[in-house]
Amino acid sequence: MKKIFAVAAIAAGLSAAGAASAGTIFSEDFSGYSLPSTNGAMSSGVSSTSGDSFTTAYSYRTGTSNTGPNSMYDEGTWTIGTNPFAVHSLWVNLPSSNPFLMLNGATTDTVPPPAAYISNAISVAPGEYSYSYQLLNLCCNSDGPPGTPSVLQLWYYAPGASTPTNIDFTINTTPAANGWQTVSGTFDIAEPGGTIHLGLSDDSSIASGNDFGVDNIRLASVPEPAAWSLMILGFGGLGAVLRRRRGQVAIATA
């Protein structure tokens, strides 16, 4: 009976440690969005069937052709799709099984630059967080000119803050033909925590080739050292109890 209580206590400790390392608190894969059938600004944002939503300072394009007014030829535009070439005749022909956000970089030379993506509200506590997102250089295919790299700034802001807090600065020099790359890292959120929005901007104002795709944005809490210590001690204690029990069973059956 004592062994049962010991195992239960250790399991409770592991559960508490798991709660302290909450893991992913936000994810966005751009699936399930209901998109309009006409071009234009989307200042009110768009929502998905899973409850996700985002806003952008870019102008929406239906992407029903890869040339003409419904295509992604204009700077400062966005759409959600599965193949860049289907919405722009000079972008890479790289079909995906899942939809992702495609953007033709804005050429507006302002500080800060127009927001390409702003997430819905995310509840956070003070502490360390890890982030990651996938990035694709869209320009250009063999028919297009050499593309200039997009210069992406990941940031977050809290409601009421006068300026956003920069997290990561990435110059996307990976050739379009090389496919997706993953951008990741960590950052800290100071007291008092609360609600934030993740954002992504393109700091380049060059028109030619400044085009990119974004997918699988993730934000996760990083376990504190005390949580890791508790989990290690818990696993060690559980192993000791199980070894002792196996030894007693072996003696009893010898």
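Quick note: the coordinates plus some simple rules give every number you see, no bench work behind them. Quick caveat: nothing in here was measured; it's all calculated off a predicted structure. Here the Cβ positions follow ideal geometry from the backbone for every residue, glycine too, while neighbour counts run over all protein chains shown.
The coefficient of translational diffusion for segment 43-85, derived via Stokes-Einstein from the alpha carbon Kirkwood radius under 20 °C and 1.002 mPa s, stands at 187 µm²/s. As a rough guide to protection, the peptides 161-167, 73-79 ranked by mean Cβ packing within 10 Å, highest first, stand as 73-79, 161-167. Find the centroid of the Cα atoms in segment 147-172 and in segment 43-104, then give the distance between the two in whole Å. Segment 147-172 and segment 43-104 have Cα centres separated by 20 Å. The ellipsoid that matches the Cα gyration tensor of segment 69-168 has semi-axes, each √(5λ) in whole angstrom, of 29, 16, 12, with the longest given first.
Our summary of shape: the Cα atoms of segment 23-222 have principal axis extents of 51, 33, 33 Å, ordered from largest down, in whole angstrom. Once both labels are positioned 7 Å from their Cα atoms along Cα-to-Cβ, the gap between residue 125 and residue 157 label points is 2.8 nm.
With only Cα atoms counted, segment 127-182 has Rg and Dmax values of 15.0, 48 Å.
Distances between placed amide hydrogens fall under 5 Å for residue 140 paired with 147, 176, all partners being 5 or more residues away or on another chain. Peptide packing: for 101-107, 168-174, 131-137, the average count of neighbouring Cβ atoms within 10 Å per residue gives the ranking 101-107, 131-137, 168-174, highest mean first.
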